[in-house]
Ligand code: GLN
C-alpha cells in the first residue's frame with residue numbers, strides 16, 4: 001500500500017490510467033442482441049472515483065452517459081433487501097457463483113428454477129419480481145433511487161433502447177417462463193422482463209455510477225441516509241466479489257482483488273470498502289461480457305493504489 005507521502009494525487013493517477021488504457025483499436029465485441037450498444041465509439045473510456053470523504057475524481061469520458069445494463073442488478077438487490085423480508089428473497093435465489101454465462105438456461109432447468117445468484121439474469125429477474133410486489137413500475141422505482149443517490153435528475157431510461165432490447169429478449173423471456181414454471185416468479189413473465197430490460201437501459205455517467213454505488217463503500221449509508229445495514233452492505237460486496245463478473249469472477253478477483261459488477265454496456269462498478277467506489281466505462285467486451293479496457297484499467301489502478309480487500 002502506498003503512503004500519503006509517496007502516492008501521486010489521484011487525479012493525476014486517473015489521467016494516466018486513461019492515457020494508458022483508452023483503446024487504440026477495435027478489439028473485443030459488443031452484444032449482437034442489444035443493437036444500441038454498438039453506438040458508442042470503440043475508443044470511449046472514462047473513469048470516476050467517489051470517496052467516502054465526499055470527493056469525486058474523474059478523467060476521460062467520465063461525464064458521458066452509458067447504458068448501465070447489469071450494474072443495475074447491484075442496485076435492485078440493495079433495494080430488495082432494504083424493502084425488508086430478506087429471507088423471502090433468499091429462499092428464491094442462491095448466493096453461489098454460477099460458472100456459466102449470465103444468460104444461461106441450462107443451469108436453471110437442472111436446478112429446478114432456483115437461480116445461482118442475483119447477478120445472473122435469472123436471479124435478477126427474481127429480484128425484479130420481488131420489487132414488483134411493492135411497485136408495478138419497479139424500473140421507475142430504481143430510477144428514483146438512483147437520482148436520490150446521485151443528487152440530481154441525471155440518470156434516465158433510454159426507452160428506445162429498452163424497446164429494441166425487448167424485441168430481442170427471447171432468451172430472457174425463456175428464463176422468466178422457466179422461473180414461472182417452477183413457481184419462482186409471481187408476476188407475469190412479460191411484465192417482469194419489461195421492467196428488467198428498462199432497468200438495464202438506465203443511462204448514467206461514470207461519475208453518477210460511482211456516486212450511486214458509494215453507499216456500499218460506507219457501510220450501507222447513502223446520500224440520503226441508510227440504504228442497507230452494514231452487514232447487508234458487506235454481504236452485497238461479497239456477492240459482487242464471487243458473482244459480479246459472471247464466469248470471470250475468479251479471474252477478476254485475481255487481477256483486481258475488489259468486489260465488482262459489470263454490465264454489457266461496458267461499465268464496471270467496483271467497491272473499495274471504507275475508501276471509495278469506482279466506475280470505469282469502455283464499451284468493447286471480452287468473451288465473458290466484461291469491459292476489456294475497463295478490467296485492465298482496474299487491475300492497473302489497484303496495483304498503483306494498493307486498493308484491495310486482500
Ligand atoms: N440487458 C442485458 C441482458 O439481459 C444485461 C446483461 C449484462 O449486462 N450482463 O442480456
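Values in this text are rule-based calculations from the coordinates and carry no lab data. This structure is a prediction, so every number in the text was calculated from the model and none was measured. Note that we place each Cβ from the backbone using ideal geometry, even for glycine, and neighbour counts take in every protein chain shown.
Which distance in Å, rounded to a whole number, links the C-alpha centroids of the range 186-219 and the range 64-133?
Rounded to whole Å, the Cα centres lie 12 Å apart.
Taking only Cα atoms of the range 61-156, what ratio of Rg to Rh do you get with Rh as the Kirkwood inverse-distance radius?
On the way: Rg = 14.5 Å, Rh = 14.3 Å.
Rounded to two decimals, Rg over Rh is 1.01.
What do you get for the angle between helix 170-181 and the principal long axis of the chain? Use alpha-carbon atoms, 0 to 90 degrees, nearest ten.
With both axes taken from Cα atoms, the answer is about 50 degrees.
What ranking do 25, 59 get, fewest neighbouring Cβ atoms within 10 angstrom at the top? Present the calculation step by step, with values, prior to reporting the outcome.
Details: 25 8, 59 22.
The most exposed by this proxy come first: 25, 59.
Counting each pair of different Cα atoms once, what's the Kirkwood radius of the range 137-201 in Å, rounded to one decimal? Mind showing how you got there, number by number?
Details: mean 1/r = 0.0791 Å⁻¹.
Kirkwood radius, the range 137-201: 12.6 Å.
So what are the three principal axis dimensions of the range 1-140 from its Cα atoms, in whole Å, longest to shortest?
So the extents along the principal axes, rounded to whole Å, are 51, 38, 31.
Using a Gaussian network model of the chain with C-alpha springs under 10 Å, which one of 239, 202, 68 is most mobile by mean-square fluctuation?
Result: 239 has the largest fluctuation of those listed.
Please check: in the Gaussian network model of the chain (C-alpha springs, under 10 Å), which one of 138, 167, 176 has the largest mean-square fluctuation.
Maximum fluctuation in the GNM of the chain, among the listed residues, is at 167.
Could you check how many percent of all C-alpha pairs in the range 94-223 are farther apart than 17 Å?
On the way: 5104 of 8385 pairs.
Here the long-distance tail beyond 17 Å is 61 percent of all Cα pairs in the range 94-223.
Mind listing P(r) for the range 33-98? All alpha-carbon pairs, 5 Å bins, whole percents.
3, 11, 14, 16, 15, 14, 15, 9, 2
Order these peptides, 71-78, 103-110, by their mean beta-carbon neighbour count within 10 angstrom, highest first. Don't jump to the answer; show the numbers that get you there.
Working: 71-78: 26.8, 103-110: 15.1.
Per-residue mean Cβ counts within 10 Å order the peptides as 71-78, 103-110.
Can you tell me which of 244-251, 204-211 comes out highest on packing, and rank the rest after it, using the mean Cβ neighbours within 10 Å?
Values: 244-251: 21.6, 204-211: 27.2.
Highest-to-lowest ranking by the protection proxy: 204-211, 244-251.
Sort 296-302, 160-166 for me by packing, meaning the mean count of neighbouring Cβ atoms within 10 Å per residue, highest on top. Please list the in-between numbers first.
Values: 296-302: 21.3, 160-166: 18.4.
Packing proxy ranking, top to bottom: 296-302, 160-166.
What nm distance separates the two modelled labels at residue 136 and residue 159, each placed 7 Å from Cα along Cα→Cβ?
1.7 nm
At q = 0.15, 0.28 Å⁻¹, what is the log10 ratio I(q)/I(0) for the range 224-287, with the Debye formula run over Cα points and no solvent?
Ignoring solvent entirely, the Cα scatterers give -0.48, -1.30.
Where q = 0.13 Å⁻¹, what log10 of I(q)/I(0) comes from the Debye formula for the chain, counting one point per Cα?
Here the Debye-derived log intensity ratios amount to -0.84.
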